[in-house]
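The structure under discussion appears below in the form of structure tokens.
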Amino acid sequence: MTVQRVNPFRNGGKEHIELLGGKGAHLAEMTKAGLPVPPGFTITTEVCRHYYSSGCQLPAGLMNEVLHAVAELEREQNRQFGSAERPLLVSVRSGSVTSMPGMMDTVLNLGLNDDTVEGLAQLTNNRRFAYDCYRRFIQMYGSVVCHIESIHFERVLQKEKNLAACADDGQLSEASLARIVQDFKRIFEQKTGNPFPQDVKKQLQKAIEAVFSSWSSPRAKVYRKVHHIPDNQGTAVNVQSMVFGNMGDSSGTGVLFTRDPSTGEHVMFGEYLMNAQGEDVVGGTRTPSPISELEAVMPDVFGELSACARQLELHYKDMQDIEFTIETGKLYLLQTRNAKRNARAALKVAADLVNEGLITKEEALMRIDVQHLNHLLHRSIHADADHAVMAMGLPASPGAACGQVVFDADQADEWKRAGKPVILVRMETTPEDIHGVIAAEGILTLRGGMTSHAAVVARGMGKPCICGCEALMIDEERRLLISGEFAINEGDWLTIDGGSGKVYSGQMELKEADIFPELLLILQWADQIRSLKVLANADSPLDARKAKEFGAEGIGLCRTEHMFLSPSRVPIVQQMILAEKESDRQQALNRLLPMQRCDFEEMFEEMDGCPVTIRLLDPPLHEFLPNVEELTERLTKLRTDGDTAGERMELERMIRRVRELQETNPMLGQRGCRLGIMFPEIYEMQIEAIFKAALRSIQKGITVLPNVMIPLVGHVNELYLLRKLVDHVADQVLGEEIRNCPYKVGTMIEVPRAALTAGEIARSADFFSFGTNDLTQMTFGYSRDDAEGKFLSHYVENKLLPNNPFQVLDTEGVGKLIEMAVIQGRSRNPMLTTSICGEHGGDLESIMFCQRVGLDYISCSPYRLPVTRIAAAQAYIRMQWELQLQEAAV
Ligand code: PEP
Ligand code: MG
């Protein structure tokens, strides 16, 4: 079935999502399934792309096709567009391919003018309702199409509510609404210089253009950037016959999630408002009722809604987020989409759907957003922390956050840039606040429900959020947040718990997240499926324990220099570096040896039966010494304060030595294996410590698998030489026990020359571990310490680079070197083990690449392990699916 550029809902389906957008595709899908959807049509994303490529013009002939489709709606609905007899009204809504809640514009009740409003009043026998629709339409059209700030309309509305002494729009009388319409039209004319348009065809064209234009609104652009949605995807526009939730007490509108989007519980969750239109629910201007209460109010409608919800879940095999309207007791569905959910709910829903037999484990794993899962390791308030609760709101998105109160999005953004953690506090958020929401640690709104904009967006980002905290008040003038005896100034600290809805004044101690049953189950599935092994970068016995807890299958990188950094060890390391005589150096090394041995022994014990990859000293030696400025300052002070000759001489010697060791380009200098070759006694001590630890562990019955890793090799001769040293020391230390210690010697591949000559190097290596931090640094020639602060962010923002290559592996350049090194290395040494241990090991796209080139394992920091295990499973599944597709194509 082909999709037309103006495509009726009865045509197409979810397979046409690229053209119809999410909303259009699912409306078509629901229409085909016989669900109660008001008829309408979709203008495709292709038209949107044309609109932009032709300087914001609709394609020639499009409006004729639109009017043709409207004529069809007229026939179906037995109404006329623009007629005072039985006027047809439509909604005009955006609908992008990837859901972007609230980021683009909508116009409801289109088709009203001074004549049709009277027709609507007669048709419905409800003049109050007709004028309510008209005032809503003028406001929406005014703000969406003509960019009139809503505040001008809101002021009029508030004035009328004050006059009528009512709090709620729904209580306004027909006369008030008629006055509001007159005032709104006057505002429209004042602001635009033209009367409110009475030609409904013109209204429709302008609304369609405005919705296409909203694709490039600042908030939509920011949202796309954060969610990596391509700018050329475009939005579709859906034009649909209106149904009315504001037709009186047997009408209403609501949002329904088929499961709880915060916990994943299999219970219907949502909110509704009687006598209201959709924007009232999502906009958070009135506080809605929980969906469970609808059962008592309208049992039949509730029953039908529950059945539709079940049908849609079975159809999509996923949790749905459904918008509905009840028009004088009849249910209509206006939208369904896969529901946004927080990371915890995502895991629970995925696990439950597998257990309910709806999806496979592979499908469940592929549905986990690993980026999002990172947020799962949500913080909570430390159990011991004791503070008075200042107020209580709706627990809209779990996790605790702590920050300084800020009352507007710009300020939030500014403070965040200045390094301050902030809590954004607003009456309610609108999509314009997106940058503030992104900047904030957490969000607190005084109005709005669990499906309000703030709640949906915060949940989508995994940020703590509390909504509808009506006990609080904002004093805009004095920049104060007030609740009873509490008065919090802007800039004061606030702690929120999005899981309980509690707000606390002050800064509270937070604690990191726990692992819970669904995560464990999904991790188990990931472990069964993935082919890439997952090891940890761990530099101490404590790290090793954490790594084991998070499922590490060994240690892929132990940076031994980190073992030198404790306050008790630094002086010995400095003594070793400053030593002028070999014997003095040896003395210091002799003191370091048992310390290293002890650490290695404990790590072998933690990792009993798993490989432990120990990298010999890597950084340049001057990194262990204070810098020259600091030393010179100390020396000056010593001279003025009076000194002992001994102290002064010691400092002078240190300064001399630092100067000797100083290099112009230390990252390219005497570090890694170069250091080991120039100071063999340092590496010898480390190797001896490794094998002495191994020996002791073997004697305790532990299975040890030590991997000795030589850093920064660029030429095979470097590795050849140092490998001989490792073999020699191992032989000496282990003696007979060498049989029980199947150690390996390998190298990091982090210098481009090593990758280019990997075949040669592989002859002396049992394993390669790609140090992609240095490999990226040296391939791009970007200093890994400076680039991000200087030019790299600019590069990424201006799309000179698709990503920061220190975060996401540059598969085209650095990746090419890796791929080549793997192929060449394996061709010379089929037993070669290959892995990655740079920061890229925790990044999904980079892991996908590791899977494609066939690495054996990934090594990453312990806290990233759960995410990496799932990402590795996803990489495997994706590769299998791609293979199946290729096979099917042949
Ligand atoms: C690397 O360069 O990728 C690496 C793991 O080593 P380091 O970050 O310690 O230089
Ligand atoms: Mg490195």
Provide the packing ranking of 8-18, 289-299, 162-172, i.e. peptides ordered by the mean count of other C-beta atoms within 10 Å per residue, highest first.
-> 8-18, 289-299, 162-172
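How big is the C-alpha Rg of the range 551-653 next to the rule-of-thumb value 2.2 N^0.38 Å, as a ratio? Please list the in-between numbers first.
Values: Rg = 17.9 Å, N = 103, 2.2 N^0.38 = 12.8 Å.
Ratio of Rg to 2.2 N^0.38 Å for the range 551-653: 1.40.
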In Å and from the alpha-carbon atoms only, list the Rg and Dmax of the range 378-511.
-> 12.8, 38
Mean accessible surface per residue for the chain, computed with a 1.4 Å probe while every protein chain stays in place, in Å² = 42 Å²
Isotropically averaged projected area of the range 243-341, using the convex hull of Cα atoms (one quarter of hull area), nm² = 5.6 nm²
Restricting the range 782-821 to GluC sites (Glu not before Pro) in coil, as DSSP defines it, with at most 14 other Cβ within 10 Å = 812
If we sort 236-247, 798-809, 577-588 on the protection proxy, mean other Cβ atoms within 10 Å, highest first, what's the order?
-> 236-247, 798-809, 577-588
What is the Cα convex hull volume of the range 753-808 when expressed per residue in Å³?
-> 86 Å³
With 10 Å bins from zero, work out the P(r) of the range 308-416 over every alpha carbon pair and list the percent per bin.
-> 11, 27, 28, 22, 11, 0
Listed peptides 69-76, 835-842 by packing density, highest first (mean Cβ within 10 Å) = 835-842, 69-76
Report the percentage of all Cα-Cα pairs in the range 1-150 whose separation exceeds 25 Å, rounded to a whole percent.
-> 35 percent
Under the Kirkwood approximation applied to all pairs of distinct alpha-carbon atoms, what is the hydrodynamic radius of the range 750-855 in Å?
-> 14.0 Å
Mind pulling the per residue volume of the convex hull built on the Cα atoms of the range 115-155? Å³ is fine.
-> 63 Å³
Projected-area mean, the range 97-167, by convex hull of Cα positions, square nanometres = 6.6 nm²
Length gained when the stretch residue 507-residue 667 is fully extended (0.36 nm per residue, less Cα-Cα span) = 53.6 nm
Diffusion coefficient, µm² s⁻¹, Stokes-Einstein with Kirkwood Rh over alpha-carbon pairs of the range 805-890 at 37 °C and 0.692 mPa s | 240 µm²/s
Quotient of Cα radius of gyration and Kirkwood radius for the range 719-784, i.e. Rg/Rh, equals 1.12
With a cut-off of 20 Å, note down the residues of the range 300-328 whose backbone N falls inside the zone around a label point 7 Å from the Cα of residue 360 toward its beta carbon.
-> 314-319
For the range 378-511, what proportion of DSSP beta bridges, expressed in % and rounded to the nearest 5, is antiparallel?
-> 75 percent
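Roughly what % of DSSP beta bridges within the chain run antiparallel, to the nearest 5?
Beta bridges within the chain, antiparallel portion: roughly 60 percent.
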If each of residue 154 and residue 827 carries a label point 7 Å out from its Cα toward its Cβ, how far apart are those two points in nm?
-> 6.8 nm
Cut-off 18 Å (backbone N to label point 7 Å along Cα→Cβ of residue 703), residues of the range 575-615 | 603-613
If you find the alpha carbon centre of the range 1-23 and of the range 37-114, how far apart are they in angstrom?
-> 14 Å
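Nothing charged except the Cβ atoms of Lys and Arg (+1) and of Asp and Glu (-1): what's the magnitude of the dipole of the chain about its Cα centre? Round to the nearest 20 debye.
1320 debye
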Directionally averaged projected area (convex hull, Cα atoms, the range 472-553), nm² = 9.2 nm²
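Let me know the whole percent of all Cα-Cα pairs from the range 131-261 that are separated by more than 24 Å.
Working: 3914 of 8515 pairs.
More than 24 Å apart: 46 percent of the Cα pairs in the range 131-261.
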Computed E for residue 53/residue 414 - FRET, C-beta separation, R0 45 angstrom, nearest 0.05 = 0.80
Across the chain, how large is the tail of the calculated P(r) beyond 40 Å, expressed as a percent of all Cα pairs?
-> 50 percent
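The values are calculated or read from the model by the stated rules, or taken from the named source; none is laboratory data. Fair warning: this is a prediction, and the values are worked out from it, not measured in the lab. So basically every Cβ, Gly included, is an ideal-geometry build from the backbone, and we count neighbours across all protein chains shown. Surface areas here come from the heavy atoms of the whole protein model, side chains and all, with no ligands, DNA or RNA. Shrake-Rupley method; radii C 1.70, N 1.55, O 1.52, S 1.80 Å.
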